[in-house]
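The structure appears below as C-alpha cells.
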Amino acid sequence: MLHLLEQTTEQLHAWFADRGLPKYRVGQVRKWVFERRAREFQQMTDLPKALRSRLAEEFQLFSSRVVQHRTANDGTEKLLLELADKQHVECVLLRDDREHRTVCISTQVGCAMGCAFCASGLDGVVRNLTRGEIVEQMLRLQMLLGEDQRISHVVVMGTGEPLANLGELLPALEVTTAADGLGISARRITISTVGLPKGIRRLARANCQYHLAVSLHAADDALRNRLVPANRKVGIASILAAADDYFDRTGRRVTFEYVLLADVNDSSEDARRLADLLAGRPALVNVIPYNPVPGLRYRTPAVGVTARFVDVLSDGGLNAKIRHRKGERIDAACGQLRRREGQ
Ligand code: SAH
C-alpha cells in the first residue's frame, strides 16, 4: 500500500487523473488531511463513498501509530511513534505563554553525529526518516491541539541530523509551508544542525527563509572535537564561513546554540572566547543548560554560572539568551524517550 504523505502533489494529481477523477478532489483530500485533521478516509464526507473506499484500499493515511503519549505540567506533550518497520521516533508539542505552539520533530531514527552529551546519538543512526514520516509527526501533534488552535512554529531539533537528510526534509518542509499544506511560514521554521558546511550551503541555495541554528557548544576546535566528534572533519572556521554564506544569501540571522556543561565549557573565559569568535556577526546565541542524560557524567551548571556566562556574552556585544528546558519530567528532551524504551 502507498503512504499518502509520501506522494508528491504531481503523483497525487496523476493518480486522480489516471482514474478520470477531477483535479479538485486532490484539494479536498489535502484539506481533510492538513486542515481538518482527518484520521481516516471515511471521514472525508464531501468525497463520494466509492472514492473514499478506493482511497482506503490503495493508500495508507498514517504509517505510524502512537505507542506513548506523555503530558507534562507545563503543557508539553510528547509522542513516541512506532513506524511501519517497528522503529521508533519521538516528537514534542511545546506550549508557551505567548500563545506559541511549537512542534519539535525528528529527521532520523537515531543519529550518526555522536555528540558526547546527547542521548540521541548514543547508539548511532538506524536510518533516515521519509518525507511522509516527517510530516506525519506534525499531523499527529496537531491533533493534540484544540480545534481553534494551530501549530505556530516548527523546530527541527528532535532526533537526527537534519542536514544529513535534506533530500527528505526539504520536501517535507514544502508541505509544511504550502498554503494547501500546513500553511506555516518558513520564517517560523528552525532547522538545527550540528554544523555540516556543505549542507548549510545547500540549504542557503534552496532559496528558503528557514531559520538556521548551528549547535556550536565550544569556541575552539580542541574542545569542540571532543564534544562534537563531527567537528573533526570540518572545523569551526568552515562552519562559520558557511553560516555567513547562509546569512548573505537569505538575509536570515543565524542562531548559535551552546549547551552549557558544568566545568567543561561554562567558564567566563569560555564565554569570552565565544564572544570573540562571533564578534561582528549579526548572530543570536541560545545558551541551553544541559539536560542530564542517564548514564552520562555531564552536569548542569548552577543558575548563577549560567547567568554569568550570558552576561559575559552580552558584554561582548552578542545577543544572547538562555533557553529554558521544558517537559523534563516526561523525558521530552533529546531522544530520551526512545532510548528509555530500549529502541
Ligand atoms: N542534530 C541537530 C539537531 C538535534 S538536537 C543539532 O545538532 O543541532 C537539538 C539541540 O539540542 C542541539 O543543539 C543539541 O546539541 C542539543 N542537545 C542535545 N543533547 C542535549 C542535552 N542533553 N541537553 C541539552 N541540549 C542538548
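The values are calculated or read from the model by the stated rules, or taken from the named source; none is laboratory data. Note that this is a predicted model, so its numbers are computed, not measured. In this analysis, Cβ positions are derived from the backbone assuming ideal geometry, glycine residues included, and neighbour counts consider all displayed protein chains. Protein only, heavy atoms only, side chains kept; ligands, DNA and RNA dropped before computing areas. Shrake-Rupley method; radii C 1.70, N 1.55, O 1.52, S 1.80 Å.
Count, please, the residues in the stretch 246-266 that happen to be surrounded by 16 or more Cβ atoms within 10 Å (Cβ to Cβ), touching a Lys or Arg at 6+ places or on another chain (Cβ under 9 Å) and part of a helix (DSSP H, G or I).
So the answer is 2.
Specify which of the listed residues (Leu144, Leu163, Leu122) is open to solvent by 30 Å² or more (accessible area, probe 1.4 Å) and in contact with a Leu (Cβ under 6 Å, 6 or more places away or on another chain).
Leu144
Collect the residues in the stretch 95-122 that are more than 10 Å from the ligand (Cβ to nearest atom), within 17 Å of Gln68 (Cβ to Cβ) and part of a strand (DSSP E or B), keeping them in residue-number order.
Of everything in the stretch 95-122, those that are more than 10 Å from the ligand (Cβ to nearest atom), within 17 Å of Gln68 (Cβ to Cβ) and part of a strand (DSSP E or B) turn out to be Val103, Val109.
Among the residues of the stretch 176-196, what is the count of those that are more than 14 Å from the ligand (Cβ to nearest atom) and either buried (at least 21 other Cβ atoms within 10 Å of the Cβ) or part of a strand (DSSP E or B) (or both)?
Here the count works out to 2.
Quick check, is Arg226 open to solvent by 40 Å² or more (accessible area, probe 1.4 Å), within 27 Å of Val29 (Cα to Cα) and part of a helix (DSSP H, G or I)?
no
Looking at (1) under 19 Å from Ile151 (Cβ atoms); (2) acidic (Asp, Glu); (3) modelled with pLDDT of 95 or more, which one does Glu57 not meet, given that it meets all the others?
(1)
Are any of the residues in the stretch 69-81 within 30 Å of Arg187 (Cβ to Cβ), more than 16 Å from the ligand (Cβ to nearest atom), touching a helix residue (DSSP H, G or I) at 6+ places or on another chain (Cβ under 6 Å) and open to solvent by less than 10 Å² (accessible area, probe 1.4 Å)?
So far as the stretch 69-81 goes, yes, one or more of its residues are within 30 Å of Arg187 (Cβ to Cβ), more than 16 Å from the ligand (Cβ to nearest atom), touching a helix residue (DSSP H, G or I) at 6+ places or on another chain (Cβ under 6 Å) and open to solvent by less than 10 Å² (accessible area, probe 1.4 Å).
Out of (1) within 15 Å of the ligand (Cβ to nearest atom); (2) more than 24 Å from Ser185 (Cβ to Cβ); (3) not in a loop (DSSP other than H, G, I, E, B), what's the single condition that is false for Arg299?
All conditions pass for Arg299, except number (3).
Among the candidates Pro282, Pro294, single out the residue that is of a type outside the set (Ser, Thr, Tyr), assigned to a loop (DSSP other than H, G, I, E, B) and within 12 Å of the ligand (Cβ to nearest atom).
Selected residue: Pro294, the only one of Pro282, Pro294 that is of a type outside the set (Ser, Thr, Tyr), assigned to a loop (DSSP other than H, G, I, E, B) and within 12 Å of the ligand (Cβ to nearest atom).
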